1. Quick check on my filter: what residues within the range 96-132 are farther than 18 Å from residue 8 by Cβ, in a helix (DSSP H, G or I) and out of contact with any helix residue (DSSP H, G or I) (no Cβ under 9 Å at 6 or more places or on another chain)?
2. Do we find that residue 149 is within 15 Å of residue 10 (Cβ to Cβ), surrounded by 12 or more Cβ atoms within 10 Å (Cβ to Cβ) and near the ligand (Cβ under 9 Å from one of its atoms) in this structure?
3. In the range 1-21, how many residues are over 8 Å from the mean Cα position of the chain (by Cα) and within 6 Å of the ligand (Cβ to nearest atom)?
4. Can you find, within the range 108-138, the residue that is farthest from the ligand (Cβ to nearest atom) among those that are farther than 20 Å from residue 3 by Cα and exposed (fewer than 11 other Cβ atoms within 10 Å of the Cβ)?
5. Of all residues in the range 22-33, which are within 14 Å of residue 88 (Cα to Cα) and either within 12 Å of the ligand (Cβ to nearest atom) or assigned to a loop (DSSP other than H, G, I, E, B) (or both)?
6. Condition test on residue 45, is it under 20 Å from residue 124 (Cβ atoms), part of a loop (DSSP other than H, G, I, E, B), within 13 Å of the ligand (Cβ to nearest atom) and touching a residue at least 24 places away in the same chain (Cβ under 8 Å)?
7. For the range 33-49, which positions are in contact with a strand residue (DSSP E or B) (Cβ under 6 Å, 6 or more places away or on another chain) and surrounded by fewer than 23 Cβ atoms within 10 Å (Cβ to Cβ)?
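Just so it is clear, none of the values below were taken in a lab; they were calculated from the coordinates. All figures in this text were calculated on a predicted structure; none of them were measured in a lab. Quick reminder, even Gly has a Cβ in these numbers, built from the backbone with ideal geometry, and neighbours come from all protein chains shown.
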Ligand code: ADP
């Protein structure tokens with residue numbers, strides 16, 4: 001059984017992420033999408049919300065499961081018998097960082113391979129942070145986020161904008 005892990009913040013999951021998940025699901029027997037806890041980042045959605053969104057938008061993929069983890073990815077991969085880490089590679093920005101991460105992960109666990117799936121051209125410049133920025137400026141985010149989560153995303157943006165307004 002070949003198991004891959006796809007790690008990320010997924011704050012929130014975008015159509016770019018979903019495209020990588022669907023492609024990975026065709027390549028492996030099982031894919032674990034793992035929401036990584038990053039104490040330095042202040043996410044828009046809680047860990048539970050991000051996992052819930054992923055479960056919702058991956059419901060059509062029977063060999064995909066959702067999990068979360070706050071430790072080292074290489075250790076998670078070992079404990080869950082994953083042979084491969086999946087990463088999405090976008091235009092420019094991801095390369096240096098990902099190359100370094102792959103080197104570190106291989107050092108921590110030499111049996112673990114990193115596999116990079118190049119972003120689909122329409123999602124090449126799409127990131128969760130770009131979607132959030134667009135959202136805060138009131139731009140249309142449909143087409144960038146899975147339709148099942150668009151309303152909850154808009155609602156969260158509205159709540160935060162209202163809170164900021166009340167603080168003034
Ligand atoms: P971001 O906040 O930048 O969207 P995440 O940490 O959630 O990033 O990303 C998890 C993984 O998904 C990373 O490997 C990242 O390179 C990849 N990824 C993010 N957006 C895309 C996209 N639009 N197309 C392909 N891969 C992507």
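1. Selection gives 103, 121.
2. no
3. 2
4. Within the range 108-138, the match that is farthest from the ligand (Cβ to nearest atom) is 137.
5. 22, 23, 24, 33
6. Criteria not met by residue 45.
7. Listed by number, the residues that qualify are 36, 47.
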